[in-house]
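The values are calculated or read from the model by the stated rules, or taken from the named source; none is laboratory data. The structure presented is a predicted model; accordingly, all values stated were derived computationally and were not measured. Here the Cβ positions follow ideal geometry from the backbone for every residue, glycine too, while neighbour counts run over all protein chains shown. These area figures cover heavy atoms from the full protein model, side chains too; ligands, DNA and RNA do not enter into them. Shrake-Rupley method; radii C 1.70, N 1.55, O 1.52, S 1.80 Å.
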Amino acid sequence: MKLAIIGATGHAGSLILNEALERQIDVTAIVRKPEKLVVDVPYLKKDLYDLTQEDLSKFDVVIDAFRPPLGKEEMHQSSLQHLIDILSGTKTRLLVVGGASSLYLDDEKTKRMIDVSDPKAPYYPTAYNMYQAFLELPKSKNLYWGYLSPAANFVPNGPRTGYYQLSDNRLKKNNDGQSEISMADYAIAIVDEALNNQHANQHFSVVSL
């Protein structure tokens, strides 16, 4: 499998890159500043918005781990739309490092995390724009995609336990009643999905055990 990771020098992206390298996957980092890479890996130096269908169609899976700068959270929407546009009609699968704001809170699937989020909270611009970006995926035509939401608490420096549990698009809690997942364990889950393709064209989620 040929894998590309957009945003491979970011926090989540770098952990996903390391996970792929540990498994000896043929992986390419797509980055604007390759000097930030701390591992020896093939890379494509290019801005996300400049990527073309030709750039990405050589890969089996593209993982989108792009995170906009603070204050430019609307780029969650425009960046994902660009990737949808250039990958539609290709065989390349787009796997998105998603957010928890799109997860449902009830079995009837009538209320999402974003519906109970405080618009004045510091995290809200990210949550809102990630949710709005997500909404375009199910509406896309001829796109091969997957959207993996982390649990409510996405822990940047949490341990790599090697264990996780998957759920559908409803918020799930672990055995201790907490909705959390470390970025390291999330990286395992998304690389597993890239390899095994068990959730084609689905929104699904991951939480710790």
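Can you tell which of Leu37, Leu70, Leu56, Leu95 is among the aliphatic types (A, V, I, L, M) and in contact with a Phe, Trp or Tyr (Cβ under 7 Å, 6 or more places away or on another chain)? I'd like the intermediate steps shown before the answer.
On the way: Leu70 fails: in contact with a Phe, Trp or Tyr (Cβ under 7 Å, 6 or more places away or on another chain); Leu56 fails: in contact with a Phe, Trp or Tyr (Cβ under 7 Å, 6 or more places away or on another chain); Leu95 fails: in contact with a Phe, Trp or Tyr (Cβ under 7 Å, 6 or more places away or on another chain).
Just one listed residue meets the conditions, Leu37.
Do we have Phe134 as among the hydrophobic types (A, V, I, L, M, F, W, C), under 18 Å from the mean Cα position of the chain (by Cα) and open to solvent by 40 Å² or more (accessible area, probe 1.4 Å) here? Don't jump to the end; show me each part of the working.
Working: among the hydrophobic types (A, V, I, L, M, F, W, C): yes; under 18 Å from the mean Cα position of the chain (by Cα): yes; open to solvent by 40 Å² or more (accessible area, probe 1.4 Å): no.
Against the criterion (among the hydrophobic types (A, V, I, L, M, F, W, C), under 18 Å from the mean Cα position of the chain (by Cα) and open to solvent by 40 Å² or more (accessible area, probe 1.4 Å)), Phe134 does not qualify.
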Selection count, region 71-93, where residues are closer than 20 Å to Phe154 by Cβ and not in a loop (DSSP other than H, G, I, E, B): 5
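Can you find even one residue in region 32-42 that is open to solvent by less than 40 Å² (accessible area, probe 1.4 Å), touching a helix residue (DSSP H, G or I) at 6+ places or on another chain (Cβ under 6 Å) and not in a loop (DSSP other than H, G, I, E, B)?
Here is the first cut: in region 32-42, the ones open to solvent by less than 40 Å² (accessible area, probe 1.4 Å) are 34, 37, 41.
When the remaining residues are screened for being touching a helix residue (DSSP H, G or I) at 6+ places or on another chain (Cβ under 6 Å), the result is none.
Scanning region 32-42 turns up no residue that is open to solvent by less than 40 Å² (accessible area, probe 1.4 Å), touching a helix residue (DSSP H, G or I) at 6+ places or on another chain (Cβ under 6 Å) and not in a loop (DSSP other than H, G, I, E, B).
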When Glu73 is evaluated against the numbered criteria (1) among the acidic types (Asp, Glu); (2) within 24 Å of Ala187 (Cα to Cα); (3) open to solvent by 60 Å² or more (accessible area, probe 1.4 Å), which criterion, by number, is the only one it fails? (3)
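Of a type in the set (Asp, Glu), modelled with pLDDT of 95 or more, in a loop (DSSP other than H, G, I, E, B) and open to solvent by 30 Å² or more (accessible area, probe 1.4 Å): which single residue out of Asp107, Asp118 fits that description? Steps first, please.
Numbers: Asp107 fails: modelled with pLDDT of 95 or more.
The unique qualifying residue is Asp118.
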